[in-house]
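The values are calculated or read from the model by the stated rules, or taken from the named source; none is laboratory data. Bear in mind that the values here come from a model prediction, so they are computed numbers and not experimental data. FYI the Cβ positions are ideal-geometry reconstructions off the backbone, even for glycines, and counts take in every protein chain you see.
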Amino acid sequence: MGIYRSKCLLLIILLLTGLSWQVKSEVPRTYHVKSYFLSLDLYDCFFAPYPRSFNAGTIMWIQADSTIDSFQLNADTASLQIYWVKVDWIDVPFTHQNNILTINPGHSYAPGDTIRVEISYMHRNISDNAFFAGNGMVFTNCEPEGARKWFPCHDVPYDKATVQVEAKIPLNVKFASNGLQIDSVVSGGWLWVDWKSRDPVATYLVVIAAATDYSLRTQYWHTTANPADSIPVRYYFRPGENPDPVSDAFVPMADFFSGIFCKYPFEKAGFASLNELFYGGAMENQTLITLCSTCWRESLAVHEFVHMWFGDMITCATWADLWLHEGFATWATVYWQEHNEGYASYKTFMIERYAKPYLQNNPGWALSDSSWAVRTPAFDTLFNTYITYMKGACMVHQLRYLLGDTTFLQVLNTYCLDTTLRYRSAAIGDLMKIVNHVSGKDYSWFFSDWVFRPNHPKYQNSYDIVQNGGSSWTIRFLAKQIQASPGFFRMILPVRIVFADSSKTDLRIINDRNDQLFTWDFTKEPVRLVFDADTNIMLKEGTTNLGIREITTGSGPVMLYQNIPNPAGDRTEIPYYLQFPEQIRFEILDITGRIISTPYSGYRPAGKHILNLDCSGFRAGTYFYRIIAGSNVKVKKMVITHGKE
């Protein structure tokens, strides 16, 4: 759906009207729908006083996934009145309550059986924020669960079916829907039009848009995959509107994304503007994007067009997987900007328009919550601007950073070409598997920490530079996070070392635990460490102590440094330096000077070393640690804050 504006405006409407998009009851997963045929008598809806009531019928072909002797459909109780139901051409009993239509055919069906269901019904003359009629226009807008308000259906994103829409309309009306128009018949003083989708459609992406004052412009796009293959692009616009910003950009936009993702997946592309009854900015209905009357804008068209791959061709399995739609479409809008204006423009936009607003307004929940797969959350949660769009786009960028451009783009192409996902549905876990397969590495931790958990890291990093003597320097960098919840985010951290001669070295380090110490030795003088110099970890806060802080540990053949962190928790690291190879012994002493542990004894070569000390077996309190190397003895004090009881 169109970024930001549409969700925010709908939220206001829902709050004012007292309506809720939260699912009150759901349909068991015992079957899947193969096709819908909708027959709608919309004739009267185009004339004052523009009633929202119409008579309709639907024929569904469903296939049993398990043994069933009854089945249920989503059918909004307030919006729809059910007249009768036939199963395999025979009238059958049904109940319609609590937004569920329960059908009892009178006998059982085995897995794999195909069932013909025919339903006669009426849409009542009410405003339900799914079916709209007014001022000579009729349209629908269904995300996330509005389809059940204008036709009985299995209204879940994973159950996709082909759709055919037949409608009775006045002669002066132009009508559009999913797929292509296959028939048009004049009968008396009205017109019957017939549209059919070649490819399966999720129910929330089924659309009609019709108006008495539409103008229609048709553009033909010769695809890059096959220039002889001409895709019709239809623009439905109203008086005073100018579709040129979208139509002028369409061909280069379509060429670009078809090259990035895969061949455009549908038989048609289309855009239709709606009137003042439309509460949103735009909606990515399959093959017919709907726009507000002032929304013929390139950037908005790009966002919705990318949904043809990320949302329409491959649809989220549940609403817990919505990041696969909105995160990638929002990111891709800025990637199109990068294509036209360069990477600096892309990065500035991502930081200023997405990352910073999120960091200032984070409402505090994850991009994906497993409970949303069972119960659809409130509208302002599911389509929250700061989480679903801004954080979602930044997470796509951070995945791009982790993988590198070549692998990242290969992941997008592999995802779009996956035959188990195309024209079907996907969960976030499906993308994760493709990331791991294409990269040859396990990035499950990224999804676990950054997608499935809320908030973001707050760093309180520090570093120091030690001159070891001669042309030898050591940098110690402590990666520390201080946010309350969750306690730690794993990440590959970018660190830049700047030297006195103005040269620099960029490092990528795996930060897989908190209070983690990293050390690097150099033979030329470093003067500064910069954490994430290019802001690739966009969603973070905090500081890294900059500048040079010399450690005064004396000089000699043995140097012992302060443990990090100090105070220590369950673990700490003790750095030390040996000028010569040496037999050494480490001892831990309590406050009385009694030796309570000898964590290491043995031979160590010359150079910088770190003793990883497990403190979990010590009681909280003050201790000393001592290194003995020949006749050299060094001692330092440390504090343990939460040892064993």
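When residues of the stretch 252-270 are filtered for being closer than 27 Å to Val163 by Cα and either surrounded by fewer than 18 Cβ atoms within 10 Å (Cβ to Cβ) or not basic (Lys, Arg) (or both), how many remain?
Number satisfying all stated conditions: 12.
What are the pairs with Cβ atoms under 8 angstrom where one residue, in the stretch 147-158, is more than 17 Å from Arg52 (Cα to Cα) and touching a residue at least 24 places away in the same chain (Cβ under 8 Å) and the other, located anywhere, is part of a helix (DSSP H, G or I) and among the β-branched types (Val, Ile, Thr)? Sequence gap at least six, or different chains.
Cys153/Thr203; His154/Thr203; Asp155/Thr203; Val156/Thr203; Pro157/Thr203
List pairs: first in the stretch 362-384 and within 11 Å of Pro144 (Cβ to Cβ), second assigned to a helix (DSSP H, G or I) and among the charged types (D, E, K, R), Cβ under 7 Å, 6+ apart or cross-chain?
Note: pairs meeting the criteria are Phe383/Lys7.
For Phe151, state whether it is touching a helix residue (DSSP H, G or I) at 6+ places or on another chain (Cβ under 9 Å) and aromatic (Phe, Trp, Tyr).
yes
Is the stretch 470-484 home to any residue that is aromatic (Phe, Trp, Tyr), in the same structural domain as Pro357 (by TED's automatic domain parsing) and closer than 30 Å to Gln360 by Cα?
So far as the stretch 470-484 goes, no, none of its residues is aromatic (Phe, Trp, Tyr), in the same structural domain as Pro357 (by TED's automatic domain parsing) and closer than 30 Å to Gln360 by Cα.
Could you go through the stretch 599-606 and let me know if any residue there is in a strand (DSSP E or B), modelled with pLDDT of 90 or more and closer than 17 Å to Asn566 by Cβ. Walk me through it before giving the result.
Taking the stretch 599-606 and keeping what is in a strand (DSSP E or B), we get 599-604.
From what's left, modelled with pLDDT of 90 or more: 599-604.
Still in the running and closer than 17 Å to Asn566 by Cβ: 599.
Looking for residues that are in a strand (DSSP E or B), modelled with pLDDT of 90 or more and closer than 17 Å to Asn566 by Cβ, one finds at least one in the stretch 599-606, hence yes.
For Val92, state whether it is in contact (Cβ under 8 Å) with a residue 12 or more places away in the chain, among the β-branched types (Val, Ile, Thr) and crowded, with 19+ Cβ neighbours inside 10 Å.
Against the criterion (in contact (Cβ under 8 Å) with a residue 12 or more places away in the chain, among the β-branched types (Val, Ile, Thr) and crowded, with 19+ Cβ neighbours inside 10 Å), Val92 does not qualify.
Please note which helices (runs of 4 or more DSSP H) are completely contained in the stretch 324-442 and include at least 1 residues that are within 21 Å of Met308 (Cα to Cα) and either in contact with a helix residue (DSSP H, G or I) (Cβ under 8 Å, 6 or more places away or on another chain) or modelled with pLDDT of 95 or more (or both).
Per the criteria, 379-382, 392-403, 405-417, 428-439.
Could you grab me the full set of residues in the stretch 282-316 that are assigned to a loop (DSSP other than H, G, I, E, B) and farther than 20 Å from Asp248 by Cα?
Answer for the stretch 282-316, where residues must be assigned to a loop (DSSP other than H, G, I, E, B) and farther than 20 Å from Asp248 by Cα: Asn285, Gln286, Trp309, Gly311, Asp312, Met313.
Please go through the stretch 358-379 and pick out each residue that is more than 21 Å from Ser485 (Cα to Cα) and surrounded by fewer than 18 Cβ atoms within 10 Å (Cβ to Cβ).
Ala373, Val374, Arg375, Ala378 - these are the residues of the stretch 358-379 that are more than 21 Å from Ser485 (Cα to Cα) and surrounded by fewer than 18 Cβ atoms within 10 Å (Cβ to Cβ).
So which residues in the stretch 37-50 are part of a loop (DSSP other than H, G, I, E, B) and either exposed (fewer than 15 other Cβ atoms within 10 Å of the Cβ) or of a type in the set (Gly, Ala, Ser) (or both)?
Across the stretch 37-50, the qualifying residues are Phe47, Ala48, Pro49.
For the structure I just gave you, tell me whether Lys504 is free of Cβ contacts under 8 Å to residues at least 24 places away in the same chain, over 30 Å from Ile260 (Cβ atoms) and outside the structural domain of Leu205 (by TED's automatic domain parsing).
On the way: free of Cβ contacts under 8 Å to residues at least 24 places away in the same chain: yes; over 30 Å from Ile260 (Cβ atoms): yes; outside the structural domain of Leu205 (by TED's automatic domain parsing): yes.
Yes; evaluated as a whole, the condition is true for this residue.
Looking at (1) under 28 Å from the mean Cα position of the chain (by Cα); (2) within 13 Å of Leu42 (Cα to Cα), find the lone condition where Glu143 falls short.
(2) is the only condition that Glu143 fails.
So Thr102 fits all but one of (1) surrounded by 14 or more Cβ atoms within 10 Å (Cβ to Cβ); (2) modelled with pLDDT of 95 or more; (3) over 16 Å from Asp155 (Cβ atoms); what number is the exception?
(3)
Scan the stretch 53-89 for residues that are in a strand (DSSP E or B), farther than 17 Å from Thr140 by Cα and hydrophobic (A, V, I, L, M, F, W, C) and jot them down.
Hits for the stretch 53-89 are Ile59, Met60, Trp61, Ile62, Ala64, Ile68, Phe71, Leu73, Ile82, Trp84, Val85, Val87.
Check every one of the strands (runs of 3 or more DSSP E) wholly within the stretch 94-152 and list those with 2 or more residues that are not aliphatic (A, V, I, L, M).
Filter on the stretch 94-152 gives 94-97, 114-123, 131-134, 137-140.
For the stretch 177-233, which strands (runs of 3 or more DSSP E) that fit wholly inside it have 1 or more residues that are outside the structural domain of Cys45 (by TED's automatic domain parsing) and in contact with a Cys (Cβ under 9 Å, 6 or more places away or on another chain)?
Per the criteria, no element qualifies.
Looking at (1) assigned to a loop (DSSP other than H, G, I, E, B); (2) of a type in the set (Phe, Trp, Tyr); (3) surrounded by fewer than 19 Cβ atoms within 10 Å (Cβ to Cβ), find the lone condition where Phe489 falls short.
Against the list (1) assigned to a loop (DSSP other than H, G, I, E, B); (2) of a type in the set (Phe, Trp, Tyr); (3) surrounded by fewer than 19 Cβ atoms within 10 Å (Cβ to Cβ), Phe489 comes up short only on (3).
Would you check which residues across the stretch 416-431 are under 19 Å from Pro157 (Cβ atoms) and either aliphatic (A, V, I, L, M) or touching an Asp or Glu at 6+ places or on another chain (Cβ under 7 Å) (or both) and list them?
If the condition is that a residue be under 19 Å from Pro157 (Cβ atoms) and either aliphatic (A, V, I, L, M) or touching an Asp or Glu at 6+ places or on another chain (Cβ under 7 Å) (or both), then Leu421, Tyr423, Ala426, Ala427, Ile428, Leu431 are the ones that fit.
Out of curiosity, is Gly630 surrounded by 13 or more Cβ atoms within 10 Å (Cβ to Cβ), at pLDDT below 90 and not assigned by TED's automatic domain parsing to the domain that holds Ser471?
So Gly630 does not fit the description; no.
Could you tell me which of the residues Gly440, Gly429 is farther than 23 Å from Leu507 by Cα, among the small types (Gly, Ala, Ser) and surrounded by fewer than 16 Cβ atoms within 10 Å (Cβ to Cβ)?
Numbers: Gly440 fails: farther than 23 Å from Leu507 by Cα.
Of Gly440, Gly429, the one residue that is farther than 23 Å from Leu507 by Cα, among the small types (Gly, Ala, Ser) and surrounded by fewer than 16 Cβ atoms within 10 Å (Cβ to Cβ) is Gly429.
Could you grab me the full set of residues in the stretch 588-615 that are of a type in the set (S, T, N, Q) and loosely packed, with under 13 Cβ neighbours inside 10 Å? Let's see the steps before the verdict.
Step one: filter the stretch 588-615 for residues of a type in the set (S, T, N, Q), giving 592, 597-598, 601, 612.
The answer is Thr592, Thr598, Ser601, Asn612.
Provide a single number: the residues in the stretch 465-474 that are buried (at least 19 other Cβ atoms within 10 Å of the Cβ) and not polar (S, T, N, Q).
Counting residues in the stretch 465-474 that are buried (at least 19 other Cβ atoms within 10 Å of the Cβ) and not polar (S, T, N, Q) gives 3.
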